[in-house]
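**Student:** Below you will find the structure I want to go over with you.
Please treat every number below as a calculation from the coordinates, not as lab data. Quantities reported herein were computed from a predicted structural model and do not represent experimental measurements. Note that we place each Cβ from the backbone using ideal geometry, even for glycine, and neighbour counts take in every protein chain shown.
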Amino acid sequence: MRKRSVPKKVNLQQGTARLQGRDPKSKNPQYEETVLKIKLGLVISFRSGQLALLPPSMASRACNQAEKAGGQGSNKAFKGLTSSEGTTAGSSRRLLATMSFLIRPWAKRDIRDVMRLVKELAVSHNALHQVRTSPEALQKDGFEKDAIFGYLVAEVPPAQKSKDGHTIIGYQFHYLTYCTWDGPILFGEDLYVMPEFRGRGIGTALLNHAAKITLEKGCSQFRFISAEKPQATADFFHKRGAVDVTLRDNWHIIRTDRDPLVKLVEDAAAKPNPVSLQL
């Protein structure tokens, strides 16, 4: 008697995107791609950006129920799946809203898309006038000499492109630095996902990949700047083990821009310290 294999449990509560109320019978490329993946037993996109392998029985039932849902809406498509098969009623209702995406290091071909997203982020903070970098500067500093910084980009398939036709829909910026107390650390300044793609685990996946880079480079910490209010960051960053050191330790980031730096150096040259002349 052949021993029946027990499929590995899949915990979908770890992250599927929110359902957006689409009719599963509509001619929607994203829905059709999802159903195709279900038929093949190859889905689900977790918030970490990884794929889970569904047991064939679960994949078949999920597909059949999705196709039978008709005009009832995709929120009822997976109602019959049980927790013993690796899902729950709450999480199963969100399966059809999952989307495929890839998190990868940036390449030269991404420069203009990264610049576009950098400007989008600046606009959201009413700070576009402060953006002084350019595609040419990113090309030179990022690829034509030893770069101390890097970008992670989030990319979706052409079938899931943005309403403006973009497939690079998010990024995370980081660079290596050093702390006299803790040694090497990875510092992140930007984490951005286009508004129409938020709530699908892409920001979490970018953060997870940055954490992986932090460990791979032997860093003790991943530090980053957040321009949001403490309450807004709590739901995203704090749940992932981050702490606001300004609130906890009263540390502040102090910045001196180029013009004050020039004045500082010029003033120092005009009025040299007698002690410094002896060094």
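**Student:** Going highest first, how would you order 152-160, 214-222 by mean Cβ packing within 10 Å?
**Tutor:** Highest mean packing first, the order is 152-160, 214-222.
**Student:** Same structure again: Classify the range 180-231 as rounded, prolate or oblate from the Cα gyration tensor: take a ≥ b ≥ c as the square roots of its eigenvalues, call it rounded if a/c is under 1.5, otherwise prolate when a/b beats b/c and oblate if not.
**Tutor:** Oblate, since a/c reaches 1.5 and b/c is not below a/b.
**Student:** With each label point set 7 Å from Cα along the Cα-Cβ vector, what nm distance links Gln139 and Ser162?
**Tutor:** About 2.2 nm separates the two model spin labels.
**Student:** Now for a different question. Given R₀ = 22 Å, what would the calculated FRET efficiency be for Thr256 paired with Val123, taking r from the Cβ atoms and rounding to 0.05?
**Tutor:** Result of the calculation: an efficiency of 0.30.
**Student:** Within the set Lys145/Lys217; Lys119/Lys217; Lys108/Lys217; Lys108/Lys239; Lys161/Lys217, which residue pairs have Cα atoms separated by over 25 Å?
**Tutor:** Lys119/Lys217; Lys108/Lys239; Lys161/Lys217, as the Cα separations exceed 25 Å there.
**Student:** In terms of the ratio Rg/(2.2 N^0.38 Å) built on C-alpha atoms, what value belongs to the range 98-148?
**Tutor:** 1.32
**Student:** Suppose R0 equals 41 Å. What FRET efficiency, 1/(1 + (r/R0)^6) with r the Cβ-Cβ distance, do Asp267 and Leu102 give to the nearest 0.05?
**Tutor:** 0.20
**Student:** 7 Å from Cα along Cα→Cβ at both Cys179 and Gln221: what's the point-to-point distance in nm?
**Tutor:** So the label points at Cys179 and Gln221 sit 0.2 nm apart.
**Student:** Apply the a/c threshold of 1.5 to the C-alpha gyration tensor of the range 135-237 and tell me whether it is rounded, prolate or oblate.
**Tutor:** Verdict is oblate for the range 135-237.
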